[in-house]
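The values are calculated or read from the model by the stated rules, or taken from the named source; none is laboratory data. What you see is a predicted model; the values in this text were computed from it and never measured. Cβ: placed from backbone, ideal geometry, glycine included. Neighbour counts: every protein chain shown. Note: areas computed on protein heavy atoms with side chains; ligands, DNA, RNA excluded. Shrake-Rupley method; radii C 1.70, N 1.55, O 1.52, S 1.80 Å.
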Amino acid sequence: MFVFRLSQAWLLALLLLTGSAAAHEIRPAVATMTLEPGTRYELAIVVNIEAVIAGIGAEHRDTDQSPNARQYNQLRALPPEALRAEFEKSAARYVDGIEIEFDGARVRPAISAVEIPPIGDLALSRQTTVRLGGAVPGALKVLTFSYAARFGSCVVRVREGERLDAVWLKDGQRSAPYIPGRGFDQRTLTDVLLDYTVLGFTHIVPKGLDHILFVLGLFLLSLRLAPLLIQVTAFTVAHTLTLGLSVYGVVSLSPAIVEPLIAASIAYVAIENVVTPTLKPWRALVVFGFGLLHGMGFAGVLKEIGLPHGQFVPALVSFNVGVELGQLAVILTAFLAVGIWGRNKQWYRPRIVIPASAVIAAVGLFWTVQRALAG
């Protein structure tokens, strides 16, 4: 009985963590610079400005860990105009933390607009777009960028004509030099492999709440290794296929369609867990189809962040490796939490599979409706 209670507590904790991380996780800012040498540059930074105002930085993985958590939660409940007024009080401090150098000389960008979404689902962090800009020297040879460590990490993307290059900056580090027409080509292959593997992993754990629940749904129905491997392999092959095709622009589907369908896939797998006690032959085919959708979701992240122009394929492959490691981490955690105790136990299905799947199905159905209405 103690083992059973412990297993239930672990599973409940896992589900609660996946449901609460989105509101409190500190995501990296995404800064996109559109560069026109000899004229101007425009810089659009997508950032959680509530965390910026509250002074919650990279030292906290979760906003609830900060002594300023109460202020952060109050800011999240403010309408756009009220939040904009709060941001203006610390805007100069924020700009001071953005260091742009053209040929070794620092330039100070000016804020042109602050685009704050309306109050939405308080279970999700709100992402504001801060737009800045300034003049660019006519004979620009090199550009560097850094983002203050107190604001967290930052993915920097430089758009120059049709070219888009990206680099991930952590702990306030300065970017490698960006050379117009060449990009961040001085990054080593090791840097790219490590950065994009970590990016893929963190997109699953802790940020991929929907993908975590889907993988848990696959895990719950059968603790036997062979059926689980068949499902995970089908899912992996499918999302790898559409991830690559989507990033290369071969296939494209609107997020307004993809995201509700991903949520529906979570609900379907969980409902099937409830209504059938055994793994059906068609399950692998269904999982493969859903994997195609999840791959398009992964591709949306890479398109948002960007891939290094000179090392496109290694970054794409390492991101996918990170995703696979994240999925394996979810399965291993679930196995240690309930699988190791529930194998061949009569109580496993009625007391673990059905209640957990019911919770996952309810979340999936809620997300399906929410995303369909938002789209």
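A few remarks follow.
- Here Ala91 does not qualify as without any contact (Cβ under 8 Å) to a residue 60 or more places away in the chain and more than 15 Å from Val46 (Cα to Cα).
- Any chance Val215 is at pLDDT 85 or above and surrounded by fewer than 23 Cβ atoms within 10 Å (Cβ to Cβ): no
- Filtered residues of region 233-259 (kept if part of a helix (DSSP H, G or I) and polar (S, T, N, Q)): Thr233, Thr236, Thr240, Thr242, Ser246
- Any pair with Cβ under 7 angstrom, 6 or more apart, that starts in region 240-259 at a residue that is within 25 Å of Pro314 (Cα to Cα) and ends at one that is of a type in the set (S, T, N, Q) and open to solvent by 40 Å² or more (accessible area, probe 1.4 Å): Ser246/Ser252
- Flag: Val192 does not match the condition of being farther than 19 Å from Val338 by Cβ, hydrophobic (A, V, I, L, M, F, W, C) and open to solvent by 40 Å² or more (accessible area, probe 1.4 Å).
Okay, residues lined up against (1) open to solvent by 60 Å² or more (accessible area, probe 1.4 Å); (2) under 19 Å from the mean Cα position of the chain (by Cα); (3) closer than 25 Å to Gly200 by Cα:
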| site | (1), (2), (3) |
| --- | --- |
| Gly138 | yes, no, no |
| Lys141 | yes, no, no |
| Phe151 | no, yes, yes |
| Val158 | no, no, yes |
| Ala166 | no, yes, yes |
| Ala176 | no, no, yes |
| Arg182 | yes, no, no |
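- Failed condition for Arg61, given (1) modelled with pLDDT under 90; (2) surrounded by fewer than 15 Cβ atoms within 10 Å (Cβ to Cβ); (3) in contact with a helix residue (DSSP H, G or I) (Cβ under 7 Å, 6 or more places away or on another chain): (3)
- A single entry from Ile230, Ile262, Ile266 fulfils the requirement of being of a type in the set (Val, Ile, Thr), within 17 Å of the chain's Cα centre (by Cα) and either surrounded by fewer than 20 Cβ atoms within 10 Å (Cβ to Cβ) or part of a helix (DSSP H, G or I) (or both): Ile262.
- Which listed residue, of Pro314, Pro277, Pro281, Pro308, is in contact with a Lys or Arg (Cβ under 7 Å, 6 or more places away or on another chain) and either open to solvent by 30 Å² or more (accessible area, probe 1.4 Å) or polar (S, T, N, Q) (or both): Pro277
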